[in-house]
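The structure appears below as structure tokens.
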Amino acid sequence: MLAVLSDIHSNIWALESVIKDAKQKGARKFINLGDILYGPLAPKETYELLRSEEMITIRGNQDRQIYEATPEEISDNPTMQFILAELPNEALPWMKSLPSTLSLPEGIFLCHGVPDTRCCSF
């Protein structure tokens, strides 16, 4: 069974609950459709949990906003300041390495938002 997650937004508590419930229901493969760590809750803990689970992951628009944030965007955004202060050094390169779309052998196409990535600057 397959479980699909999206828009976690650093909510570790919801993520833990969803993973536990999906596993109890028989999920053996997890797909994460992005917007993972942007949010004022627990970006570090969310990152650590996601890295400890075997999960196919693509990036969302707010993942990109984290690693592309300019100094001005950071200084104007307390949430972004919190996220960047909390995340371990390896989190940004990991997010950058995530694909914006992915096709699985099972004939499943993964994207965050819309499949035409040109419209969203992924």
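No lab work stands behind these numbers, since they all come straight from the coordinates. Every value quoted in this text rests on a predicted model; they were computed, and no experiment measured them. Cβ atoms come from the backbone with ideal geometry, glycine included; neighbour counts cover every protein chain shown.
Karplus-derived 3J(HN,Hα) values for region 41-57, using 6.51 cos²θ - 1.76 cosθ + 1.60 with θ = phi - 60°, are 9, 8, x, 5, 5, 5, 4, 4, 5, 4, 6, 7, 9, 7, 8, 6, 9 Hz; glycine and proline are entered as x. Of all DSSP-defined beta bridges confined to the chain, some 30% are antiparallel rather than parallel. Here's how it looks for LEU5: its modeled amide H is under 5 Å from those of ILE31, ASN32, LEU33, which are all 5 or more places away or on a different chain. Only helical runs count toward this figure. For the chain, summing -39,500 (n - 2.57) over DSSP H runs of n ≥ 4 and dividing by all residues gives -12000 deg cm²/dmol at 222 nm. The H on the amide N of LEU37, modeled in the peptide plane, is under 5 Å from the matching H of HIS9, SER10, each at least 5 residues off or on a different chain.
Rounded to whole Å, the principal axis extents of the Cα atoms in region 1-59 read 31, 21, 17, largest first.
Computed from backbone phi, the HN-Hα couplings of region 70-76 come to 7, x, 5, 5, 5, 5, 8 Hz, rounded to whole numbers (Karplus: 6.51 cos²θ - 1.76 cosθ + 1.60, θ = phi - 60°; Gly and Pro given as x).
Could you calculate the contour length gain from ASN61 to LEU84, that is, 0.36 nm times the residue separation minus the distance between their Cα atoms, to one decimal place in nm? Let's see the in-between values first.
Numbers: separation 23, 0.36 × 23 = 8.28 nm, distance 1.63 nm.
Stretched fully, the ASN61-LEU84 segment lengthens by 6.7 nm.
Taking amide H as placed 1.01 Å from N in the peptide plane, the amide H of ALA69 sits under 5 Å from none that are at least 5 places away or on another chain. Between LYS44 and GLU73, the modelled label-to-label distance comes to 2.3 nm, taking each label 7 Å out from Cα in the direction of the beta carbon. Note on the chain: Rg/Rh from Cα positions, Kirkwood definition for Rh, rounded to two decimals, is 0.97. Taking Cα centre as origin and charging only the Cβ of basic (Lys, Arg, +1) and acidic (Asp, Glu, -1) residues, the dipole magnitude of region 1-118 rounds to 500 debye.
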